[in-house]
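Presented below is the structure to which this report refers.
The values are calculated or read from the model by the stated rules, or taken from the named source; none is laboratory data. Keep in mind that this is a model prediction, so the values were computed, not measured. Here the Cβ positions follow ideal geometry from the backbone for every residue, glycine too, while neighbour counts run over all protein chains shown.
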């Protein structure tokens, strides 16, 4: 056998994807391995089916990721119960450490715990509590060293990641109190590129889904111990500010909660998240493809492609390792279009948002500045403001601007807790990540594996 090639089924274009023509052809080994990897990652285990590519492949991976989290609920519940017992101790708190996007996602936002500790507080040796650690691949040694120090200080340390993170922890002698498999793709990136990298990140999306599922189990465990911590109501809901002021200094409500069965809140979150993503897939996939097509056309014309990534987590995650690098980020923080944004006439900007256009409120004049560049804009947001305040919702945009709907409801929380006044656990960040990386995956499918251009960030 020629060691540089072997026979594999080569899938040919066909009028119908479910009835492909198949022929055998000798191909170079590295191509065969790449095809095999794509078949595996796309969930295609048989040569009689075409592997999913682009946005569809990312969606299929994400669906499998949520299935994996659901299977792992018993182990997740055990770690949440251990943490809940510790949280009941006088002075014990909880916080997130590592990836800045995950710190932003966990700390004091809609659907989550109102009372959380910032990373600089967690680093104090005297601080006692539960630390959820999200190690960064580019800073892995440092993050694991800090996690190891946390353990020496007597903190409960729960790691989130995949097999590579777990093995790296073993190599340095770090014993987690618990480790949550987030079910990202094996190399984080879902697709192999010609430079040896795996691109289109899966870790950010998987981490967010995992931490919300775990949070549900943590809250459920606390209810079984007779305690309910104050949970955040979206600031978009009338009365949220007053509610926040009422509860912001409490560790627990005075009322004894209804006990929630193990696995219930995490499972219900995954059910509701799947429903949301299925609507995005069924109703918005065509628009995601249009955004990718517009971005590729712009790129091929020699113009630049940008993103305004407005979100608690996603604002930190553009340009990290495994990002293919098609989008140049133009926002700082949640709301600010940077001064030297580099957007030119004929460029393309994907405004990946929340529930409103980027004008007024904390955005100030961002949209006016974007339009003044002469760039083409596309958008992603949810649509309840079309009814509540049409001046700031998708209806306020020109008809020729593509809008990818996110389809989550006012309140940005999806799981009811028996006897509690609001729903908890947020879907929006998972949906936003899915929209962005499905778009990038679609661009990669059009441009091919030689196209990534990013120099990965160190953080």
Worksheet item: Restricting the search to the range 337-362, which residues are farther than 19 Å from residue 236 by Cα and outside any loop (DSSP other than H, G, I, E, B)?
Response: 337, 348, 349, 350, 351
Worksheet item: So which residues in the range 363-377 are closer than 21 Å to residue 405 by Cα and assigned to a strand (DSSP E or B)?
Response: 376, 377
Worksheet item: Just checking, which of 333, 319, 342, 302 is out of contact with any helix residue (DSSP H, G or I) (no Cβ under 7 Å at 6 or more places or on another chain), closer than 20 Å to residue 430 by Cα and surrounded by fewer than 19 Cβ atoms within 10 Å (Cβ to Cβ)?
Response: 319
Discussion item. Going residue by residue through the range 194-203, is there one that turns out to be assigned by TED's automatic domain parsing to the domain that holds residue 418, closer than 27 Å to residue 55 by Cβ, modelled with pLDDT of 95 or more and not in a helix (DSSP H, G or I)?
Written reply: no
Response to the item:
The residue from 380, 426 that alone is within 30 Å of residue 113 (Cβ to Cβ), outside the structural domain of residue 98 (by TED's automatic domain parsing), assigned to a strand (DSSP E or B) and modelled with pLDDT of 95 or more is 380
Worksheet item: Would you say residue 275 is modelled with pLDDT of 95 or more, surrounded by fewer than 16 Cβ atoms within 10 Å (Cβ to Cβ) and under 22 Å from residue 211 (Cβ atoms)?
Response: yes
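Residues are listed down the side, and each one gets a yes or a no for (1) over 19 Å from the mean Cα position of the chain (by Cα); (2) in contact (Cβ under 8 Å) with a residue 24 or more places away in the chain; (3) not in a loop (DSSP other than H, G, I, E, B):
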position: 293; (1), (2), (3): yes, yes, yes
position: 299; (1), (2), (3): yes, yes, yes
position: 303; (1), (2), (3): yes, yes, no
position: 308; (1), (2), (3): no, yes, yes
position: 311; (1), (2), (3): no, yes, no
position: 319; (1), (2), (3): no, yes, no
position: 323; (1), (2), (3): no, yes, no
position: 326; (1), (2), (3): no, yes, no
Worksheet item: Does residue 418 count as at pLDDT below 95 and either in a loop (DSSP other than H, G, I, E, B) or under 28 Å from residue 190 (Cβ atoms) (or both)?
Response: no
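From the list 117, 83, which residue is closer than 19 Å to residue 152 by Cβ, in contact with a helix residue (DSSP H, G or I) (Cβ under 8 Å, 6 or more places away or on another chain) and assigned by TED's automatic domain parsing to the domain that holds residue 205?
That would be 83, the only listed residue that is closer than 19 Å to residue 152 by Cβ, in contact with a helix residue (DSSP H, G or I) (Cβ under 8 Å, 6 or more places away or on another chain) and assigned by TED's automatic domain parsing to the domain that holds residue 205.
Conditions (1) touching a residue at least 40 places away in the same chain (Cβ under 8 Å); (2) surrounded by 24 or more Cβ atoms within 10 Å (Cβ to Cβ); (3) within 19 Å of the chain's Cα centre (by Cα), marked per residue:
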site	(1), (2), (3)
196	no, no, no
201	yes, yes, yes
208	yes, yes, yes
214	yes, yes, yes
227	yes, no, no
235	yes, no, no
245	no, no, no
254	no, no, no
258	yes, no, no
Practice prompt. Scan the range 383-409 for residues that are part of a helix (DSSP H, G or I) and more than 18 Å from residue 360 (Cβ to Cβ) and jot them down.
Written response: 387
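When you look at residue 152, is it without any contact (Cβ under 8 Å) to a residue 60 or more places away in the chain and either in contact with a helix residue (DSSP H, G or I) (Cβ under 7 Å, 6 or more places away or on another chain) or more than 23 Å from residue 107 (Cα to Cα) (or both), yes or no?
Working: without any contact (Cβ under 8 Å) to a residue 60 or more places away in the chain: yes; either in contact with a helix residue (DSSP H, G or I) (Cβ under 7 Å, 6 or more places away or on another chain) or more than 23 Å from residue 107 (Cα to Cα) (or both): yes.
Judged against the criteria, residue 152 is a match.
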Discussion item. Looking only at helices (runs of 4 or more DSSP H) that lie completely in the range 63-176, which have at least 1 residues being within 23 Å of the chain's Cα centre (by Cα) and farther than 17 Å from residue 217 by Cα?
Written reply: 100-106, 119-122, 140-152, 163-171
